[in-house]
Amino acid sequence: MTTSDEFGTKPINYLLRKQAVPSAIGILTLSIYGIVDTIFVGNYVGSIGIAAITVVIPITFLISSIGMGIGIGGASIISRALGSGKPEKANKTFGNQLTLTFILGIFFSLSCWIFIEPILKVFGAKGDILQPTIDYFTIILLGIPVLAFAMMSNSIFRAVGYPKVAMVVMIVPAIVNVILDPIFIAVLGWGIEGAAWATTFSYLFSASYAGYFFLKGKTGFKLTRSDLLLDFKLTGEIFSIGSVTIARQGVVSLLFLVLNNSLFKYGGESAIAVYGIINRMMMLVNVPAIGITQGSMPIIGYNYGAELFKRVSLTLRNAIISATVLSSIIYAGILIFTPQIVSIFTNDQDLIKQTVPALRITFLMTPLIAFQLISAAYFQALGKALPALLLTLTKQGFFLIPLLLILPNFYELNGIWIAFPIADLATAIVCMSYLVYDSKKIVLNPSSV
């Protein structure tokens with residue numbers, strides 16, 4: 001596994017570019033796929049279709065976040081194991097990740113299928129939205145276990161020094177979906193079910209590529225049958241770190257539960273469709289921050305394991321600066337061309353009229369998202385589960401959800417939109433303060449960590 005050795009020797013900016021650019025390209029492609037998917041649904045199915053997808057998204061990613069959490073938790077262990085010269089532990093960790101991902105992915109998919117209608121109703125599928133949401137989610141559930149495997153694999157490829165492979169794992173489903181969407185939705189006229197089948201096939205192709213690369217043996221893992229048997233001490237360590245990611249998505253799903261129900265109460269189905277468009281654009285704005293966050297984790301983890309603490313702090317600082325600058329540039333472009341961008345998603349003039357001011361309000365503090373994403377990832381890479389968990393929960397759990405429960409009582413629908421920038425600003429202050437304290441401690445007094 002010598003590909004990762006350069007994490008401790010090469011210049012930090014070079015490593016960040018090498019790791020973050022492929023990750024950002026992959027996420028950008030996924031974001032474009034999400035946008036294209038919403039455009040086709042919005043134009044061929046209508047605002048009800050956008051609302052249905054918006055309801056399903058948090059449930060889908062809550063289940064798939066199990067794979068993501070197992071991937072990030074295991075990748076943190078693998079990075080530190082490689083940095084400290086323990087390849088056997090890296091092999092065992094990867095084997096346990098494979099077993100955990102498939103067992104839990106299948107279990108949760110079956111559970112959702114059995115209780116599909118009550119789950120969807122809880123997440124805001126009411127009125128005219130309910131039946132199309134059931135149609136969409138029933139098909140999506142078929143691909144969730146393989147999506148979980150693809151998400152888990154993504155983190156592993158970065159941990160062992162193959163960021164471009166991780167990028168392809170993310171690009172493949174986007175390309176497949178963009179090809180199949182117009183065929184299934186527009187040509188064959190399958191409507192919302194066509195969008196679901198396109199997405200499910202895209203998950204299958206992504207997982208197939210990841211599996212193929214592992215089987216080629218280039219990652220350096222040499223698994224034995226015993227590596228696949230669960231080691232409960234090791235799985236506990238995987239989950240203690242990976243639970244941060246699972247908890248984050250769990251809180252995001254809780255956020256959507258509160259948000260969708262509030263949107264329906266104060267604005268009906270159209271308000272949920274408005275947020276569906278906003279959410280897709282948020283994914284696009286956050287591409288640089290997420291890419292740099294993912295790219296920085298194996299560098300931080302390796303150097304922490306090798307006790308190169310100044311390189312750890314330098315990686316953290318450069319990652320935050322780069323992510324904030326790039327996010328701000330994209331953010332500015334979206335604010336300037338908001339009406340034109342929203343018009344791409346739908347030709348419903350009333351929906352456009354509602355979305356433009358709502359998008360501008362919710363985006364006000366979006367560039368500050370880098371502080372939350374990178375701070376939580378930083379502590380995950382160090383294997384510090386508790387601070388990573390607390391910082392992960394700060395925005396959605398400590399600020400945004402309470403604000404969404406309080407502000408609409410006074411400002412109705414506008415209260416929902418203004419909750420977002422307030423939560424972003426408060427979260428950035430908390431995360432920045434904690435990062436400054438901890439990063440100084442590592443450099444000035446490494447024995448304390």
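The values are calculated or read from the model by the stated rules, or taken from the named source; none is laboratory data. Computed from a predicted model, the values in this text were never measured in an experiment. Note: ideal-geometry Cβ built from the backbone for every residue, glycine included; neighbour counts use all protein chains shown. SASA here: full protein model, heavy atoms, side chains in, ligands and nucleic acids out. Shrake-Rupley method; radii C 1.70, N 1.55, O 1.52, S 1.80 Å.
Take the Cα of Leu335, step 7 Å toward its Cβ, do the same at Tyr437, and the gap between the two points is 3.1 nm. Under 27 Å of direct C-alpha separation, and excluding same-chain neighbours fewer than eight residues apart, Lys86 reaches these lysines: Lys10, Lys18, Lys164, Lys216, Lys218, Lys222, Lys233, Lys310, Lys384, Lys441. For the stretch 177-233, the relative contact order comes to 23 percent (Cα pairs under 8 Å, sequence separation of at least 6). Sorted on the mean count of surrounding Cβ atoms within 10 Å across their residues, most packed first, peptides 406-416, 175-185 read 175-185, 406-416. When the trypsin sites (Lys or Arg not before Pro) in the stretch 238-332 are filtered for DSSP coil states and for at most 11 other beta-carbon atoms within 10 Å of their beta-carbon, no site remains. Only helices reaching 24 angstrom along their own axis (Cα) with mean Kyte-Doolittle hydropathy no lower than 1.0 count here, and for the DSSP H runs of the chain these are 47-83, 163-181, 309-336, 413-444. Peptide packing: for 426-438, 144-156, the average count of neighbouring Cβ atoms within 10 Å per residue gives the ranking 144-156, 426-438, highest mean first. The portion of the accessible surface of the stretch 305-379 made up by carbon and sulfur, rounded to a whole percent, is 69 (1.4 Å probe; DNA, RNA and ligands excluded).
Figure note: Arg225, Arg80 ranked by solvent-accessible area, largest first, 1.4 Å probe, ligands and nucleic acids not counted: Arg225, Arg80. Accessible surface of Leu390, taken over heavy atoms with a 1.4 Å probe and every protein chain present, rounds to 80 Å².
Among the chymotrypsin sites (Phe, Trp or Tyr not before Pro) found in the stretch 217-289, not one is both in a DSSP coil and sparsely packed, with 13 or fewer other Cβ atoms within 10 Å of its Cβ. Using C-alpha pairs under 8 Å with a sequence gap of at least 6, the mean separation divided by the residue count of the chain gives a relative contact order of 25 percent.
Taking a point 7 Å from the Cα of Leu188 along the Cα-to-Cβ direction, the residues of the stretch 121-148 with backbone N closer than 17 Å to it are 135-143. At full extension, Tyr411 and Phe107 could sit 105.3 nm farther apart than now, given 0.36 nm per residue minus the alpha carbon distance. Taken per residue, the accessible surface of the chain reaches 39 Å², heavy atoms only and a 1.4 Å probe. Given a 1.4 Å probe and every protein chain left where it sits, what share in percent of the accessible area of the stretch 191-275 is carbon and sulfur? That share works out to 65 percent.
In this view, the solvent-accessible surface of Asp135, computed with a 1.4 Å probe and all protein chains in place, comes to about 50 Å².
Counting only protein heavy atoms and a 1.4 Å probe, tell me what percentage of the stretch 99-174's accessible area is made up of carbon and sulfur. Result for the stretch 99-174: 77 percent of the exposed heavy-atom area is carbon or sulfur.
Over all other residues within a Cβ to Cβ distance under 12 Å of Asp227, the charged ones net out to +2, with Lys and Arg as +1 and Asp and Glu as -1.
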